[in-house]
Amino acid sequence: MRIHAVIATTGRPDIVRRVVSRLGEQSRPPDGVLVVGASPDDIVGLDGACANLEALVARRGLCRQRNAALDHLGDSTDVVAFFDDDFVPAHDFLARLETLLTEQPKVVGATGVLVADGAQSQPIGFDDAVSRLDGLGDRPTPSKSDCLSLYGCNMAIRLSAAEGLRFDEKLPLYGWQEDVDFTHQLSWRGRLVKTSELTGIHMGARSGKTSGKRLGYSQIANIIYLWRKGTMYPWLGERLLFQNIASNVVRSIWPEPDIDRRGRLVGNLLALRDLVTGRIDPERIEAL
């Protein structure tokens, strides 16, 4: 089984180099690592970071960059493990992934259970993440279950089941909920699983992020778009809409120091206005 790791990155060259080096230290080395930046500056300094490394530049946007990776790889691999550029995998992530997909041929996609997620709390430094995974041996509580979609910070897909599938480039820049859209369609072709056998730490780095206003717009517009497309369950979309708007309203009064809650709330309100007037479109964020 050939396994390639893919990282789409924007504005984090120092972090991505360390993550790539970490991939080179896997107990089961990847057959290739492909880093896709949005500019030459995104992939500077990667030479020698790990074996079998390739880097290329594509148009900015998570969906565009991941699609560029899929197009570049073609049929040269069997499994693609997509990692965020601030995800630190456990040293045995790829080994356990290979075991899972070999033993369970009906599984077409898998995602891990995280030890910690800095995107949902406070950012976690790379060294702290490595210390927790390697030094302390932190692992999540054992669990395994079928799931409806995969978490984009660490998700692996069996390419034979993903023929013709691509990330929707109408979800620009950060591509919010692109993972749900893609893997919802993948679920029509086989089983998706979430398992603690695959784990790591999502650092939740704040650098290189989309502006608060743009992300806030996407929090509404992308859900509406995917609802209409049929790749977002209504109950999930309703929950996300409520959670995002409520969080941004409350947190805009006492915002976290590194999150632009007021910008997100403005983006939410702009999207709701466009929804009422019939102009809502995920691609409008590129003009904000």
(request) Quick one: work out the % antiparallel among DSSP beta bridges in the chain, nearest 5. (result) 35 percent
(request) Just rank Tyr233, Tyr217, fewest to most, by other beta-carbon atoms within 10 angstrom. (result) Tyr233, Tyr217
(message) How are the alpha carbon pair distances in region 1-42 distributed across 10 Å bins from zero to the largest one, expressed in percent?
(response) 28, 52, 19, 1
(request) Let me know the whole percent of all Cα-Cα pairs from region 212-283 that are separated by more than 13 Å. (result) 62 percent
(request) Quickly estimate the mean residue ellipticity at 222 nm for the chain, helices only: each DSSP H run with n ≥ 4 gives -39500 (n - 2.57), and the total goes over all residues, rounded to 500. (result) -11000 deg cm²/dmol
(request) Would you please classify the overall shape of region 93-231 from the alpha carbon gyration tensor, given that a ≥ b ≥ c denote the square roots of the eigenvalues, rounded means a/c under 1.5, and beyond that prolate means a/b larger than b/c while oblate covers the rest? (result) oblate
(message) I want to check the label-to-label distance for Asp258 and Thr277. Put each point 7 Å from Cα in the C-beta direction and report it in nm to one decimal.
(response) 3.6 nm
(request) Report the local net charge at Ile3: Lys and Arg +1, Asp and Glu -1, summed over other residues whose C-beta lies under 10 Å from its C-beta. (result) -1
(message) As a footprinting exposure proxy, order Val88, Val36 by other Cβ within 10 Å, with the fewest listed first.
(response) Val36, Val88
(request) Using Cα positions and a limit of under 16 Å, work out the lysines in reach of Lys194, with same-chain residues fewer than 8 apart set aside. (result) Lys106, Lys144
(request) Mind telling me which of Ser160, Ser247, Ser145 comes out most flexible in a GNM of the chain, alpha-carbon contacts under 10 Å? (result) Ser145
(request) Between Phe126, Phe83, Phe242, find the one with the highest GNM mean-square fluctuation for the chain; connect C-alpha pairs within less than 10 Å. (result) Phe242
(message) Please compute, for the alpha-carbon atoms of the chain, the extent along each of the three principal axes and give them in descending order in Å.
(response) 52, 39, 39
(message) Apply the Karplus curve 6.51 cos²θ - 1.76 cosθ + 1.60, θ = phi - 60°, to the phi angles in region 235-243 and return the couplings in whole Hz, x for Gly and Pro.
(response) 5, 6, x, 4, 5, 5, 4, 5, 4
(message) Cut-off is 10 Å between beta-carbons; in what order do Trp227, Trp254, Trp176 appear when sorted fewest neighbours first?
(response) Trp254, Trp227, Trp176
(message) Starting from the 7 Å offset along Cα-to-Cβ, what nm value, one decimal, do you get for the label separation of Trp188 and Gln122?
(response) 4.5 nm
(message) Need the full-extension length gain, Asp92 to Ala246, defined as separation in residues times 0.36 nm minus the C-alpha distance. One decimal, nm.
(response) 51.6 nm
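Every number in this text was worked out from the coordinates using simple rules, so none of it is lab data. Given the structure is predicted, the values throughout are model-derived calculations rather than measurements. Neighbour counts are summed over all protein chains in view; Cβ atoms, including those assigned to glycine, are modelled from backbone coordinates with ideal geometry.
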